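Let me begin by presenting the structure, written as structure tokens, before commenting on it.
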Number of protein chains: 6
Amino acid sequence: MEKSSPCILFLLLVPSILFSLASAADADPIQDFCVATHPYGSLTTNGYLCKPNAAVTSDDFFSSSLTAELTTDNSYGVNASFADVRFFPGLNTLGISMARVVLDPGGVVPAHTHPRASEMVFVTEGLLLMGFVATDGRYFSKVLGAGEVFVFPRGLMHFQYNVGTKKAVEIVAYNSQLPGLLLAAPALFGSTPTIPDVVLAKSFLVDRKTVDNIKSKFG
Amino acid sequence: MEKSSPCILFLLLVPSILFSLASAADADPIQDFCVATHPYGSLTTNGYLCKPNAAVTSDDFFSSSLTAELTTDNSYGVNASFADVRFFPGLNTLGISMARVVLDPGGVVPAHTHPRASEMVFVTEGLLLMGFVATDGRYFSKVLGAGEVFVFPRGLMHFQYNVGTKKAVEIVAYNSQLPGLLLAAPALFGSTPTIPDVVLAKSFLVDRKTVDNIKSKFG
Amino acid sequence: MEKSSPCILFLLLVPSILFSLASAADADPIQDFCVATHPYGSLTTNGYLCKPNAAVTSDDFFSSSLTAELTTDNSYGVNASFADVRFFPGLNTLGISMARVVLDPGGVVPAHTHPRASEMVFVTEGLLLMGFVATDGRYFSKVLGAGEVFVFPRGLMHFQYNVGTKKAVEIVAYNSQLPGLLLAAPALFGSTPTIPDVVLAKSFLVDRKTVDNIKSKFG
Amino acid sequence: MEKSSPCILFLLLVPSILFSLASAADADPIQDFCVATHPYGSLTTNGYLCKPNAAVTSDDFFSSSLTAELTTDNSYGVNASFADVRFFPGLNTLGISMARVVLDPGGVVPAHTHPRASEMVFVTEGLLLMGFVATDGRYFSKVLGAGEVFVFPRGLMHFQYNVGTKKAVEIVAYNSQLPGLLLAAPALFGSTPTIPDVVLAKSFLVDRKTVDNIKSKFG
Amino acid sequence: MEKSSPCILFLLLVPSILFSLASAADADPIQDFCVATHPYGSLTTNGYLCKPNAAVTSDDFFSSSLTAELTTDNSYGVNASFADVRFFPGLNTLGISMARVVLDPGGVVPAHTHPRASEMVFVTEGLLLMGFVATDGRYFSKVLGAGEVFVFPRGLMHFQYNVGTKKAVEIVAYNSQLPGLLLAAPALFGSTPTIPDVVLAKSFLVDRKTVDNIKSKFG
Amino acid sequence: MEKSSPCILFLLLVPSILFSLASAADADPIQDFCVATHPYGSLTTNGYLCKPNAAVTSDDFFSSSLTAELTTDNSYGVNASFADVRFFPGLNTLGISMARVVLDPGGVVPAHTHPRASEMVFVTEGLLLMGFVATDGRYFSKVLGAGEVFVFPRGLMHFQYNVGTKKAVEIVAYNSQLPGLLLAAPALFGSTPTIPDVVLAKSFLVDRKTVDNIKSKFG
């Protein structure tokens, strides 16, 4: 199982999950559309600059990025593909994006927040426990089967967990072109560089040894 | 086929389609959530009033409204169920909603606009032609298979058409809790009361007889 | 009357009407002003880039575009001039625009929507019937004389019709720098390329011959 | 000229001018419309509560408030009528309003700001000098004739002045349902209660006698 | 030091810290002000209803809530007082709030996010290390002395840590009337009810014993 | 006292006060951050363009601009330093900014408005009278001591005045990256070029001599 050691796996997940995201209340568009000129990495304003109108074609409003084959051979037993502005430039200024998530039995989308979006989940197959924690400390959760939907209010801590015996699949929508994904554990224990041990130990009320142990998983 | 005469059928469709909707850039929430107190029909502010916080439960963030059995025995060969604030009060202030649409082979979601949302479509099965017209008169369209996505910018005229030989199904997301649905033909030719013939004749550059003929379909 | 055949006429109207528009809730400005650098056609972000501050003059906040002589020798008996960001670059980021519309007796601003704005109409002379259809199918309408005002909520289908015996003139305001104009009939039956006949026939519950007939008016 | 003594006149102007207004970037509506339930004075949320949908009629989208006869027999030689949410409840949530202003030759709309709107002015008759001062101290101004338009960016100090020999009339649009009007002189020197003399003296770099003299005009 | 056992202490902190908050982009006000009618707990719309205009007094725009004596005799060595809409009803609709934080030497504001606001920190005394992690995993941090400022973009994970030898104090501003506070550790390990062990174990890549150990600190 | 003649002094104040500002409801960010590429003066869109992501460092989120030594040897007995997007490029798109103001005994921040922000004031030392005038002419005011806060709703006319016997200091927060500052007296009587005397005389109901006298202070 060396190939799926957490540290390495997380790196593998990064392209599809760490940069995930979901945004909630982007500004309104002030033209019909503004297809982003360049792929992810060339942000130049609050959003992207627009491709010249005359160069826009039907393909700019289409994406097959969610059809990617998703392997779940990793620590979380989960994988995702994204149709947000990074992979679907036509979404620029439109305030919406989607993702497709596959979970093995027992697989988990680790606890996380989206800084810029509410998220609505539609289960296409399987049995999923999903829950979130509000700012008053209350935990809300539900088990969903195929065809059912759940909503995570913007910025709150949430997760999904496959409690069934088969693969589970969900289609996720966000009200932002780039919702952002903050996976709590890797953000806290695996950032570059890392947050000082003392801060984490005090935040989690544990000793530094426990901190170092968790950090070693996300190195 | 008297049961599926257009006029009657449209009335049948009304509960699920005419009031459809999809919204695009609702104001940001200013609390974690604000579950709507009452079902559709009791709008009292820009959105709904909130259920008292202590009365909110996990079920408020969950909906099974999209699992409804959808019959397509009507003029359009299409039907839809909605998970928007009318049917899912927990969406109030969250700026997002969803719908599930089923289309027979040859079935069509008639040309329409959403006054308050961009729309993103995920095809779960079948083969669908979808297109929209921008304000400069350009028509953009694409045929989508399972797993592919398309986006309709806010307020533009669009449709979906099942060009395959089997049933097609799509999951639709909107960036509004209540996007609104304006089906062009029934809005123009079947409103209550109706738009004067002369206005429609001049708008479509046809004679009144043609207007009356179309009106008779949406009476 | 060949000169005023609908097909040709529509092309003539295009510069002033098809691209009309009106927007509703643009993002707030985050500086005093941001005069657009270039004329319409050079959109480069969500809105336009700004002219350097030092180059801005009083003329940038002024426009005479609404004083244009408007001929109404066309199928609709109507014409319009616009003071939106395309013709008045100083409006960039300010969230407002205007138009001036002239209608012959019997003239009609054909049924249309504005994807990005609510519209408020002030009648300066004449007698105008104006109406709109809401998403629940209800039709609201009123006859207005000089000095009276009417409002069309964002994205709803509406029209204006001169029911008087003299020329009518209206001043129109939109809460967007570029509201967008979707004239229903030409968008549906005269786009480039055109929407497939079968989709239109199914949307309007008419046969293809009727579709082709209407298409021929907007070719 | 006792009837037009400034103090008294200002009180007369209050109903039509002091509460004037113009708003710039209201939140988007999240339903078709939300007609305000009560007249001005019963604000109960961020905006007004909505009249029940079933009670809404065509008249709710119409107003004749701008047709009021306007007398200009006052210190400023100006008067105005308003079509904002105070007088036109149907504008609630729609983000737009209008006013009609009449100015005698030599009449002036005194220097003022609108806290919540950009303003666009259309001159229907006469010759008007209008100007504004930006936050960097630059003054922009222009003389406008009939049919010409000018724009005042949100929150900046501006005025209008009839430089012609005849009555001037303008139609004004704001991108807010309630833009707010802060007339500089009466706000500074005529508030209830008044700003302390020392503050005004130091703000305007004048002695208290000058302050008291100006205050006496707006008592 | 039994009184400062983490579990108990956290409960003590709750009134001042767990419900902290900071919001980022509330909707614009559409009247001068809308003083909230009731204290925290009576949310009834997206924000609060307004006190009648005539009942508003100068005191409604004033708060002494930040002057509260703050004891830091707890596990974190930190305490805070808040001037947000819960304690300062006049902030309703105004999109801004503040807090005052006191940290013992070695004290830490534990890692947390604000779902609805960017946060700007002004250090009034002491020496503070503050840092945040972006959604791409990068960690940004800085040590600040008196008079210096730092900004945490909306929704990102951040903390403050007193690295000096004396008490540190900071004044914090948020661009929301109710930014919300999600302390990562208590939200994850101390919610009511708690998130299932298996989900936390899989999220942090640790065994259940470690999870239970951390949970015991936040019971 | 030639050095503190009002005219000269105002010029001296300009860099720190005239361009002050505070903004209230900027659009939401649609990425984690967008550090402005250039210093003030190179505005190119609604806000600034973003520095490439890879070039962003911890220093971009930090500013020491508020630590500047502030001399109050001028007509107003006041000075200020700013941490807004002009001096702190990392604030771009984040919708927040701060300032620090020092007032001599008897010193006054002259009456002014912020076109784009609500403002919240925290008094760190001294005794300050602060007040504002609403659009209905009502004046609200309060004397604040250390640790107390006051709020000025967006766009309303307000001032601060040191009524104590010692220096007063305040930390100010705005919900905009660039709120804008319109000092009433210099904007009205000291713009470049100046507003015509007749307009000012009619606005303040004074004679031209008084106007010229005030103008001479702000020449």
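Could you tell me whether E:LEU128 is in contact (Cβ under 8 Å) with a residue 12 or more places away in the chain and more than 18 Å from A:PRO196 (Cβ to Cβ)? For E:LEU128, the condition - in contact (Cβ under 8 Å) with a residue 12 or more places away in the chain and more than 18 Å from A:PRO196 (Cβ to Cβ) - is not met.
Residues are listed down the side, and each one gets a yes or a no for (1) surrounded by fewer than 23 Cβ atoms within 10 Å (Cβ to Cβ); (2) within 14 Å of chain B (Cβ to nearest Cβ); (3) touching a residue at least 40 places away in the same chain (Cβ under 8 Å); (4) not in a strand (DSSP E or B):
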| site | (1), (2), (3), (4) |
| --- | --- |
| C:PHE87 | yes, no, yes, yes |
| C:LEU94 | no, no, yes, yes |
| C:ARG100 | yes, no, yes, no |
| C:GLY106 | yes, yes, yes, yes |
| C:VAL109 | no, yes, yes, no |
| C:HIS112 | no, yes, yes, no |
| C:MET120 | no, no, yes, no |
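Checked against the criterion of being facing chain E (nearest Cβ under 8 Å) and without any contact (Cβ under 8 Å) to a residue 60 or more places away in the chain, the range A:171-181 has no qualifying residue. Which one is nearest to the other protein chains (Cβ to nearest Cβ) among residues in the range E:67-85 that are out of contact with any strand residue (DSSP E or B) (no Cβ under 8 Å at 6 or more places or on another chain) and among the charged types (D, E, K, R)? Here the residue is E:GLU69. Any residue that is among the β-branched types (Val, Ile, Thr) and out of contact with any Ser or Thr (no Cβ under 9 Å at 6 or more places or on another chain) - is there at least one of those in the range A:139-150? Among the residues of the range A:139-150, at least one is among the β-branched types (Val, Ile, Thr) and out of contact with any Ser or Thr (no Cβ under 9 Å at 6 or more places or on another chain), which makes the answer yes.
In the range A:128-145, which residues are facing chain E (nearest Cβ under 9 Å) and under 19 Å from the mean Cα position of the chain (by Cα)? First the steps, then the outcome.
The initial filter retains those residues of the range A:128-145 that are facing chain E (nearest Cβ under 9 Å), namely A:129, A:131, A:133-139, A:141.
Hits for the range A:128-145 are A:LEU129, A:GLY131, A:VAL133, A:ALA134, A:SER141.
For the range B:141-216, the strands (runs of 3 or more DSSP E) that sit wholly inside it and include 1 or more residues that are in the same structural domain as B:ALA99 (by TED's automatic domain parsing), buried (at least 24 other Cβ atoms within 10 Å of the Cβ) and of a type in the set (Asp, Glu) are B:168-174. The combined condition, being surrounded by fewer than 24 Cβ atoms within 10 Å (Cβ to Cβ), of a type in the set (A, V, I, L, M, F, W, C) and under 30 Å from C:LEU181 (Cβ atoms), is fulfilled by B:ALA134.
When the range A:68-91 is filtered for residues that are polar (S, T, N, Q) and either touching a Ser or Thr at 6+ places or on another chain (Cβ under 9 Å) or outside the structural domain of A:ASN46 (by TED's automatic domain parsing) (or both), the ones remaining, listed by number, are A:ASN74, A:SER75, A:ASN79, A:SER81.
Looking across A:MET120, A:MET130, one residue alone is under 22 Å from E:VAL206 (Cβ atoms) and touching a strand residue (DSSP E or B) at 6+ places or on another chain (Cβ under 8 Å). It is A:MET130.
Selection of the range E:202-211 for residues being farther than 12 Å from A:LYS217 by Cα and of a type in the set (A, V, I, L, M) yields only E:VAL211. Could you tell me whether the range E:52-62 includes any residue that is buried (at least 18 other Cβ atoms within 10 Å of the Cβ) and under 19 Å from the mean Cα position of the chain (by Cα)? Looking through the range E:52-62, none of the residues is buried (at least 18 other Cβ atoms within 10 Å of the Cβ) and under 19 Å from the mean Cα position of the chain (by Cα). Just so you know, in the range C:183-219 the residues that are among the small types (Gly, Ala, Ser) and modelled with pLDDT of 95 or more include one that is farthest from the chain's Cα centre (by Cα), and it is C:ALA201.
The values are calculated or read from the model by the stated rules, or taken from the named source; none is laboratory data. Here the structure is a predicted model, which is why all the values come from computation and not from measurement. Virtual Cβ from ideal backbone geometry, glycine too; neighbours counted across all protein chains shown.
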